[in-house]
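The structure appears right after this line, and notes come after that.
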Amino acid sequence: MRARGGLTRLARFWPWVAAIATGFLYAACFPPLDQQWLCWICLTPLIAAVWFSGRNARRPWLRHLLLGYVSGIVFITTTFSWLGSLGILFESVWLRGLPLLLSLYMGLYLGFWSWFVGGIAPKNFVSSGRNLLCAFFAAAAWVPTEWIRGWLLGGFGWNGLGVALHAQWPLIQIAEFTGVAGLSFVIAFANVIAVTTPIRLYLEARTHRMRPHWDLNITMLAVMALLVWGWHVAHIPHPSKPFQVAAVQPGVPQKEKFKGQSPAEILERCRRLSTMALQMNPPPGLLIWPESATPGPLFGDEQTHRFIMDFAASANTDLLLGTDEITEDRAYNTAVLLSDRGQNAQVYRKVHLVSFGEYVPLRHSFPLFAAVARRWVPGDFDAGNEYTVFQITNSDVRVAPLICFEDTVGELARRFVLPADDKPGANLLVNITNDGWFLHSVGAQQHLANAVFRCVELRRPMVRAANTGVTCFVNEFGRVTQILQDDVGSTFNEGVLAGEVNIPTNAVLTFYARHGEWFTNLCMAITLLALAWRLAWQKRGRGQPPNVYGD
């Protein structure tokens with residue numbers, strides 16, 4: 001009787017333990033653990049829990065959704081735990097709980113996928129064709145959940161499944177066609193096959209009837225093909241020319257800015273580091289300071305304006321920096337390129353604002369909520385509406401000035417490389433950011449992990465200039481070629497990173513640059529068709545449909 005009771009408790013609790021395991025395994029794919037290989041199996045506990053438990057549940061669909069929701073809460077809370085550093089910065093207990101609060105909303109996306117997967121569980125695991133179809137529909141449904149998470153209510157689409165492969169550059173080259181969504185599809189597909197294969201082996205062993213495992217073979221061959229093709233693409237010579245760049249990392253802690261460190265001290269630090277870069281041989285054709293590098297608005301603060309203009313006049317190189325633009329009724333987060341010794345200024349106003357960081361969604365619709373958030377976000381920035389490309393002096397280098405998290409949004413970055421008004425698009429991506437808000441946390445490493453895919457999608461190199469890290473150069477294949485770090489490997493120190501970036505000389509647009517999120521839209525259509533079939537089946541009074549491919 002005791003043994004039976006123990007088995008009953010195990011049967012009751014193991015699915016929820018499996019759901020929690022998926023959340024932790026998924027989070028472990030990203031920094032700080034960065035165990036990227038786990039992405040190929042991280043969803044398997046959740047899938048097994050959905051398919052092989054709760055057969056007598058009164059509402060199986062709700063059980064499936066809740067299992068996924070638990071996984072989502074664990075994943076979001078764990079992988080974005082660094083958001084809690086805002087609580088340290090603002091000395092707020094409430095902000096330390098921000099990861100959990102965020103997970104209560106974002107966990108719903110994994111809950112939806114879990115519900116969907118529960119509706120396509122195979123009844124016959126020994127059929128390769130049915131297993132492949134099941135994996136196909138499950139992977140197709142995964143893609144739009146990531147995409148919606150990236151834009152709804154301001155969006156925060158970091159750390160999708162495909163991003164787990166950020167350091168595996170031969171595997172990620174398919175992003176040139178599908179964006180990072182294609183990689184998420186492949187990984188979700190492989191996770192389903194990783195569940196069906198051992199079940200199929202067990203069933204075949206019991207019946208002593210072995211059949212070709214085309215589902216497993218095709219999956220493995222597809223991954224190997226991506227690996228070989230990516231390696232080949234990365235070794236094809238691409239016409240390019242060298243361009244000297246220097247990125248300044250002032251290393252000013254956000255707490256020092258809050259405490260009112262002397263503006264002159266901040267500017268002097270930038271000037272000192274820049275002087276080191278300008279003395280290098282050959283000198284840089286572009287000098288980059290990070291987001292919000294100036295303590296005051298460049299065009300609104302007399303002291304800041306005078307200092308920057310005097311420096312630009314003496315530097316004899318183009319200077320790209322981040323600053324605020326404040327007028328009587330508007331405020332923008334901007335990037336400015338000063339050329340011709342400061343005589344010409346090109347300005348880009350940030351298009352994609354960070355919700356609850358640069359603005360509060362629905363601030364005027366919910367006054368009580370806005371009153372609570374006002375302590376940390378006293379006012380909203382305004383969004384720009386032009387994808388301004390900076391033209392470098394005496395060069396055919398054209399810069400896409402991505403500010404802060406804009407380098408993590410593929411659909412936005414591609415707008416800069418598309419020709420406009422009979423002018424070619426950008427051939428160099430530059431990200432200026434201030435990740436000092438998150439102290440010395442893994443947020444900076446995760447930011448970089450999400451950003452490298454823009455280089456692959458658009459086949460453009462990237463230079464990143466951060467206030468406290470990570471400052472680095474990334475080539476058009478998503479490989480980090482140079483990185484600013486000290487002797488112990490820390491990326492949070494002050495310094496300057498100078499070197500050579502290979503700028504493509506041909507203005508070829510990738511498939512992704514021309515067509516954007518076409519693969520995501522296709523997966524969205526497939527998922528909606530599957531859902532429509534399910535609803536139609538139920539409306540005909542046939543109860544739960546067997547699955548979306550006709551078992």
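The values are calculated or read from the model by the stated rules, or taken from the named source; none is laboratory data. This is a predicted model, so every value here is computed, not measured. We place every Cβ from the backbone using ideal geometry, glycine too, and count neighbours over all the protein chains shown. Note: accessible area is taken over every heavy atom of the protein model, side chains too, but ligands, DNA and RNA are not part of it. Shrake-Rupley method; radii C 1.70, N 1.55, O 1.52, S 1.80 Å.
Among the residues examined, Thr433 qualifies as at pLDDT 95 or above and touching a Cys at 6+ places or on another chain (Cβ under 7 Å). For the stretch 64-85, filtered to residues that are of a type in the set (Phe, Trp, Tyr) and in contact with a Gly (Cβ under 6 Å, 6 or more places away or on another chain), the residue that is nearest to Leu108 (Cα to Cα) is Tyr69.
Restricting attention to the stretch 50-64, does a residue exist that is over 27 Å from Leu152 (Cα atoms) and among the polar types (S, T, N, Q)?
Within the stretch 50-64, the subset over 27 Å from Leu152 (Cα atoms) is 51-60.
Imposing the further condition that a residue be among the polar types (S, T, N, Q) reduces the set to 53, 56.
Yes: the stretch 50-64 contains one or more residues that are over 27 Å from Leu152 (Cα atoms) and among the polar types (S, T, N, Q).
For the stretch 182-224, a residue qualifies if it is open to solvent by 70 Å² or more (accessible area, probe 1.4 Å) and either among the β-branched types (Val, Ile, Thr) or modelled with pLDDT of 95 or more (or both), and the qualifying residues are Thr207, Ile218, Met220, Leu221, Met224. Restricting attention to the stretch 119-145, the residues being in contact with a Lys or Arg (Cβ under 8 Å, 6 or more places away or on another chain), surrounded by fewer than 24 Cβ atoms within 10 Å (Cβ to Cβ) and assigned to a helix (DSSP H, G or I) number 1. Tell me, yes or no, whether the stretch 422-429 has at least one residue that is of a type in the set (A, V, I, L, M) and either closer than 15 Å to Phe453 by Cα or open to solvent by 40 Å² or more (accessible area, probe 1.4 Å) (or both). Checked the stretch 422-429: at least one residue is of a type in the set (A, V, I, L, M) and either closer than 15 Å to Phe453 by Cα or open to solvent by 40 Å² or more (accessible area, probe 1.4 Å) (or both). Of all residues in the stretch 276-297, at least one satisfies being assigned to a helix (DSSP H, G or I), crowded, with 20+ Cβ neighbours inside 10 Å and at negative phi. Go through (1) touching a residue at least 40 places away in the same chain (Cβ under 8 Å); (2) among the small types (Gly, Ala, Ser); (3) surrounded by fewer than 20 Cβ atoms within 10 Å (Cβ to Cβ); (4) under 26 Å from Ile503 (Cα atoms) and name the single condition Ser339 misses. That leaves (3) as the condition not met.
How many residues are open to solvent by less than 70 Å² (accessible area, probe 1.4 Å) and closer than 22 Å to Glu176 by Cβ if we restrict to the stretch 481-506? Selection size over the stretch 481-506: 4.
Here's the yes/no breakdown for (1) in contact with a helix residue (DSSP H, G or I) (Cβ under 8 Å, 6 or more places away or on another chain); (2) more than 24 Å from Asn431 (Cβ to Cβ); (3) free of Cβ contacts under 8 Å to residues at least 40 places away in the same chain:
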position: Ala293; (1), (2), (3): yes, no, no
position: Leu298; (1), (2), (3): yes, no, yes
position: Thr304; (1), (2), (3): yes, no, no
position: Met309; (1), (2), (3): no, yes, yes
position: Ala312; (1), (2), (3): no, no, yes
position: Gly322; (1), (2), (3): no, no, no
position: Asp329; (1), (2), (3): no, yes, yes
position: Asn333; (1), (2), (3): yes, no, no
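Just one of Arg12, Arg4, Arg55, Arg63 is more than 19 Å from the chain's Cα centre (by Cα), farther than 30 Å from Gln168 by Cα and at pLDDT 90 or above; which is it?
On the way: Arg12 fails: at pLDDT 90 or above; Arg4 fails: at pLDDT 90 or above; Arg55 fails: at pLDDT 90 or above.
That would be Arg63, the only listed residue that is more than 19 Å from the chain's Cα centre (by Cα), farther than 30 Å from Gln168 by Cα and at pLDDT 90 or above.
Taking the condition of being of a type outside the set (D, E, K, R), over 15 Å from the mean Cα position of the chain (by Cα) and open to solvent by 10 Å² or more (accessible area, probe 1.4 Å), how many residues in the stretch 432-467 meet it? Of the residues in that region, 5 qualify. Contact map, the stretch 470-498: first residue under 23 Å from Arg454 (Cα atoms) and of a type in the set (Gly, Ala, Ser), second residue open to solvent by 60 Å² or more (accessible area, probe 1.4 Å) and in a loop (DSSP other than H, G, I, E, B), Cβ cut-off under 6 Å, separation 6 or more or different chains; pairs are Ala498/Met280.
Answer with yes or no whether Ala222 is in contact with a Gly (Cβ under 9 Å, 6 or more places away or on another chain), touching a residue at least 24 places away in the same chain (Cβ under 8 Å) and part of a helix (DSSP H, G or I).
no
Of all residues in the stretch 384-404, those that are open to solvent by less than 30 Å² (accessible area, probe 1.4 Å) have Cβ atoms under 7 Å from Cβ atoms of residues that are assigned to a loop (DSSP other than H, G, I, E, B) and of a type in the set (A, V, I, L, M), 6 or more apart or on another chain, in Gly384/Val351; Val399/Val389; Val399/Ile392; Val399/Ala426; Ala400/Val389; Ala400/Ala426; Cys404/Val354. When Ile432 is tested against (1) part of a loop (DSSP other than H, G, I, E, B); (2) over 23 Å from His232 (Cβ atoms), just one condition goes unmet, and that condition is (1).
Scanning the stretch 241-260 for residues that are open to solvent by 40 Å² or more (accessible area, probe 1.4 Å), within 18 Å of Leu273 (Cα to Cα) and at pLDDT below 95 turns up just one, Pro253.
Looking at the stretch 46-72 only, could you name the residues that are free of Cβ contacts under 8 Å to residues at least 12 places away in the same chain and either open to solvent by less than 40 Å² (accessible area, probe 1.4 Å) or among the hydroxyl-bearing types (Ser, Thr, Tyr) (or both)? Selection gives Ala57 alone. Under the condition of being at pLDDT 90 or above and hydroxyl-bearing (Ser, Thr, Tyr), the residues counted in the stretch 87-127 number 4. Being under 23 Å from Arg149 (Cβ atoms) and outside any helix (DSSP H, G or I) is a property that does not hold for Ala181. Of the residues making up the stretch 32-45, those that are surrounded by fewer than 20 Cβ atoms within 10 Å (Cβ to Cβ) and either in contact with a strand residue (DSSP E or B) (Cβ under 7 Å, 6 or more places away or on another chain) or in a loop (DSSP other than H, G, I, E, B) (or both) are Pro32, Leu33, Asp34, Gln35, Ile41.
Once the stretch 358-383 is narrowed to residues that are open to solvent by less than 50 Å² (accessible area, probe 1.4 Å) and within 23 Å of Thr334 (Cα to Cα), the residue that is modelled with the highest pLDDT is Asp382. Cβ-Cβ contacts under 9 Å between residues 6 or more apart (or on different chains), taken from a first residue in the stretch 73-97 that is in a loop (DSSP other than H, G, I, E, B) to a second residue that is open to solvent by 20 Å² or more (accessible area, probe 1.4 Å) and of a type outside the set (A, V, I, L, M, F, W, C), are listed as Phe90/Arg375; Ser92/Arg375.
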